[in-house]
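The values are calculated or read from the model by the stated rules, or taken from the named source; none is laboratory data. What you see is a predicted model; the values in this text were computed from it and never measured. Don't worry about glycine lacking a Cβ; one is built from the backbone with ideal geometry, like all the others, and counts go over all protein chains shown.
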Amino acid sequence: MRILVGIDLRLDGHDWLVGRAAWVSSRIGAPVDLLYVAAEQSEVSAAKVSLEQLLETLPPAARGEALVEVGAPVETLVARTHSPNLLLVGPREPGAIERMFLGSMASRVIRSAAGTVLVPRGEEPAEERPRVLVGVDLRRGEAGDILAMVRPWAERFDAVVDAVFVEPQRLPWIPDATVRARARAEWDAAREPDRVALRALLQAQLDERHRGAPVLASGQPEEALVELSEDYELLFIGNRQRQGLAGLILGSVAEHVVRHAVCDVFTLPTQQVGGSAGGPAA
């Protein structure tokens with residue numbers, strides 16, 4: 001496995017992104033390759049020199065290759081996710097017009113990615129034993145698959161993993177405090193089977209050292225995950241698209257989260273769940 005970092009040499013601020021890749025490399029023991037997608041062949045030589053200079057800022061053990069390809073950036077990065085790499089893409093937002101019609105580079109990549117994509121969002125690298133939150137949909141059959149995909153990452157990062165299920169229905173506001181407390185107790189009791197199911201999934205997929213707690217939230221999944229991201233260093237979510245009109249208008253939950261989360265976001269290729277695809281190689 002290798003860490004592939006998409007670098008746009010037309011912009012500034014590469015040191016931060018390369019630094020985050022170095023931290024990931026130190027945790028999972030994989031070399032860092034830097035990739036720039038050029039518009040024309042005439043850019044290749046100068047771009048390769050610039051990437052090699054950036055590689056020199058990495059610790060020797062983390063230095064991989066300087067790669068330059070000519071083509072379309074999104075399609076080129078997506079094609080790279082078909083190999084067992086971790087793709088790291090910066091969270092930069094495009095201009096208003098580009099964002100309206102196309103979305104950010106990160107959003108466009110994760111729509112079609114066949115592998116795991118990391119979008120750094122936190123200001124600092126995660127702690128020694130990062131707290132990880134995994135979004136799990138108990139109403140779909142792949143809940144266990146998602147945790148299985150996270151397991152090798154948890155082991156490499158030596159992380160403690162919590163699993164969250166977001167119920168779209170919310171308890172309505174009740175003005176009377178006594179009635180509100182009673183309704184809250186009944187609501188919590190009704191959701192206890194979800195907590196039990198999450199706990200069972202955690203026990204089945206993660207060993208005791210890496211197993212955290214079940215978390216229940218309510219509301220729109222993307223909004224709940226963004227709010228919860230304030231309490232974690234790493235957030236793992238699937239890249240499955242919404243279906244039909246909702247997908248056209250709202251996009252995927254992952255696209256919203258990678259734009260607004262407080263912590264670093266890993267998107268998993270849940271479009272093709274099955275086994276442990278998307279995890280780091282041993």
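Criterion applied to Trp153, Trp173 was being part of a helix (DSSP H, G or I) and of a type in the set (Phe, Trp, Tyr), and the one residue passing it is Trp153. When Leu54, Leu17 are screened for being in contact (Cβ under 8 Å) with a residue 12 or more places away in the chain and closer than 24 Å to Leu234 by Cα, only Leu17 passes.
Looking only at residues of the stretch 11-39 that are out of contact with any strand residue (DSSP E or B) (no Cβ under 9 Å at 6 or more places or on another chain), in a loop (DSSP other than H, G, I, E, B) and not small (Gly, Ala, Ser), we find that the one that is surrounded by the fewest Cβ atoms within 10 Å (Cβ to Cβ) is Asp12. Just one residue in the set Ala79, Ala66 is without any contact (Cβ under 8 Å) to a residue 40 or more places away in the chain, of a type in the set (Gly, Ala, Ser) and not in a strand (DSSP E or B); that residue is Ala79. Screening Arg111 with (1) at pLDDT below 80; (2) over 21 Å from Val166 (Cα atoms) gives one miss only, at (1). Residue-level check: of (1) aliphatic (A, V, I, L, M); (2) assigned to a helix (DSSP H, G or I); (3) crowded, with 16+ Cβ neighbours inside 10 Å, Ala204 misses just (3).
Flag not set for Ala46, criterion: modelled with pLDDT under 95, farther than 16 Å from Asn85 by Cβ and not basic (Lys, Arg).
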